[in-house]
There are 2 protein chains.
Amino acid sequence: MPKGVTKRRPRTRAALLQAALECFAEQGFRAASIEQICESAGYTRGAFYSNFNSKEELFLALFDAHSEQLLDRMTTLIDSTELTLQGLVDALADIEPAERDWYLVTTEFTLHAIRDPQAAAALAQHDAQLRAALARGLTHCLTRAGRTLTVDADELARLLIAVREGGLAQSYVEPEQLPPGQLERRFLPGVLTAFTTEG
Amino acid sequence: MPKGVTKRRPRTRAALLQAALECFAEQGFRAASIEQICESAGYTRGAFYSNFNSKEELFLALFDAHSEQLLDRMTTLIDSTELTLQGLVDALADIEPAERDWYLVTTEFTLHAIRDPQAAAALAQHDAQLRAALARGLTHCLTRAGRTLTVDADELARLLIAVREGGLAQSYVEPEQLPPGQLERRFLPGVLTAFTTEG
DNA sequence: CGCATCCGATACGTCTATGCATCTGATACG
DNA sequence: CGTATCAGATGCATAGACGTATCGGATGCG
């Protein structure tokens, strides 16, 4: 641990990350300038270059922070003793307003990952953790409901995530036509019974 | 019809669109420079500004061209007399290699649409047409197979599209782990029986 | 309370993309 | 075959983002 100041740095770093989220969501990664982010955070570029080496590094840090937080929420939800199937569906279908910004940022990060193997590796790792947690929750709830999967749990988790991401895209393009979470509520229960069998 | 040249213009326009597809796919809309696109097409920026007013206009034209072409393929497929349910699933699951570039570009356009109401309107219209075609094909095939839908056809079409888009994202991030089309092949048949009833 | 250290601000130079204004050469028509 | 017109090339001026090098001020410790 360095001698000097220990309170300022984390605060400005957090402020920059928060501002980056908003700016990236609003304008996209490439269009958002470092200066805009700093201004929005109440700092100058000096602060930025003191905390990050490049806009890409900031992007990755932002994604990492979000992934970790998301995984935490997911695992605590799944390890809660009273989790039902409906509860799991609800968790997937309840989309908070703040989710929109994250959708924009993570989707752009996905596009970046498709182009850049290094980012792809990072994304794949986070996705695998999330999928594993979801798969574990699924088997857990299903067995408790007296049903067993007829397909691979991990692959079913992939399907659920695909529905969620694909559904969010449609919802955010035309919120009036498709409220966020509607696809999940309408179809997931049926899907879960379709790919399980009693006992 | 103008007097002057009639053959050069369409050719360079097409070349610019094709080059734009490649550059946008490779680098993203904002990162790809007009100059790169022109160079890749074998022209200079003079040609570009003669055919388009801005990079955004080019982007929109590219998206429009692709949408129209996609809708054409879809409708001819659906109106083919011998289309079976399996044929429809296959059509959704068979992902050509060229699809990757289009995925990158259209997904970026979707992000753009989420931010810009005008683009959202254009995207929503194209999506609605595609969904309508798909819904028509679904009901058509299902009734011929002696089954009737228990859910709204348009909403089911939304689900299929969500699965496809969400699945493509995962496939392109880790092609080794999830071959394109695998989710569709594994799950769509079961989904289609789950949300239909005999007779 | 004084001081060393580190954080963030300021100022500068550089580079790249853009858009326009002008020019040249190709095309279609008389 | 000559010519008017238009597509596309060339050159330049501008703007904005980036990165660094340096400076000032706040912080925590002795």
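The values are calculated or read from the model by the stated rules, or taken from the named source; none is laboratory data. All values derive from a computational prediction rather than experimental measurement. Here the Cβ is made from the backbone with ideal geometry for all residues, glycine too, and neighbour counts use every protein chain on show. These accessible areas exclude ligands, DNA and RNA; they are computed on the full protein's heavy atoms, side chains included. Shrake-Rupley method; radii C 1.70, N 1.55, O 1.52, S 1.80 Å.
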Global size of the range A:55-198 as Cα Rg and Dmax, reported in angstrom: 15.7, 52
Ignoring everything except DSSP H segments at least 4 long, calculate the 222 nm mean residue ellipticity for chain A; use -39,500 (n - 2.57) per segment, divide by total residues, nearest 500. -25000 deg cm²/dmol
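If you take the accessible area of A alone plus B alone and subtract the pair, what total do you get in square angstrom, rounded to 100, with a 1.4 Å probe?
Buried area (both sides, nearest 100 Å²): 3800 Å².
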Alpha carbon convex hull of the protein assembly as shown, projected area averaged over orientations, nm²: 24.1 nm²
To the nearest Å², the heavy-atom accessible area per residue of the range A:55-198 with 1.4 Å probe amounts to 44 Å²
Within the range B:93-111, find all residues whose amide N lies under 15 Å from a label point positioned 7 Å from the Cα of B:A145 along Cα-to-beta-carbon. B:93
Going by alpha carbons, how many degrees (0 to 90, nearest 10) lie between the helix axis of B:8-27 and the longest principal axis of chain B? 70 degrees
FRET efficiency estimate (nearest 0.05) - Cβ-Cβ, A:E176 to A:R73, R0 35 angstrom: 0.80
How well do other chains shield peptide B:176-184, expressed as the mean number of their Cβ atoms within 10 Å of each residue Cβ? 2
Inter-label distance, nm, simple model (7 Å from Cα along the C-beta direction), A:E39/A:Q118: 3.0 nm
Compute the helix-to-body angle for A:117-144: its Cα long axis versus the longest principal axis of chain A, expressed 0 to 90° and rounded to tens. 30 degrees
Under 13 Å from the Cα of B:K55, which aspartates and glutamates turn up, not counting those fewer than eight places away in the same chain? B:E35
Mind listing P(r) for the range B:128-197? All alpha-carbon pairs, 5 Å bins, whole percents. 3, 17, 24, 22, 17, 10, 6, 1
Label-point separation, B:D152 to B:D64 (7 Å along Cα→Cβ), nm: 3.0 nm
Rel. contact order, % - alpha carbon contacts under 8 angstrom, at least six apart, the range A:1-52: 34 percent
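What FRET efficiency do you get for A:L83 and A:R11 if R0 is 35 Å and r is their Cβ-Cβ distance, rounded to the nearest 0.05?
For A:L83 and A:R11, the calculated efficiency is 0.45.
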For chain A, what does the relative contact order come out to in percent, with C-alpha contacts under 8 Å and a separation of six or more? 21 percent
Measuring from the longest principal axis of the C-alpha atoms of chain B, the long axis of helix B:99-115 (C-alpha) lies at a number of degrees, nearest 10, equal to 80 degrees
Could you pull the accessible area for A:I95 with a 1.4 Å probe, rounded to 10 Å²? 30 Å²
Express in Å², to the nearest 10, the accessible area of A:V89 obtained by rolling a 1.4 Å probe over the protein heavy atoms while all chains stay in place. 10 Å²
Placing each pseudo-label 7 Å from Cα in the direction of the beta carbon, B:A132 and A:A98 end up separated by a distance in nanometres of 4.1 nm
Range in chain B, longest, excluding exposed GluC sites (Glu not before Pro) [loop by DSSP; at most 10 other beta-carbon atoms within 10 Å]: B:83-175
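Which percent of the accessible heavy-atom area of the range B:127-199 goes to carbon and sulfur, probe 1.4 angstrom?
Carbon-and-sulfur percentage of accessible area, whole number: 51.
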Can you sort B:D152, B:D116 by 1.4 Å-probe accessible area, starting with the largest? B:D152, B:D116
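Tell me, what is the per residue accessible area of the range B:1-52 in Å², probe radius 1.4 Å?
Value for the range B:1-52: 65 Å² per residue.
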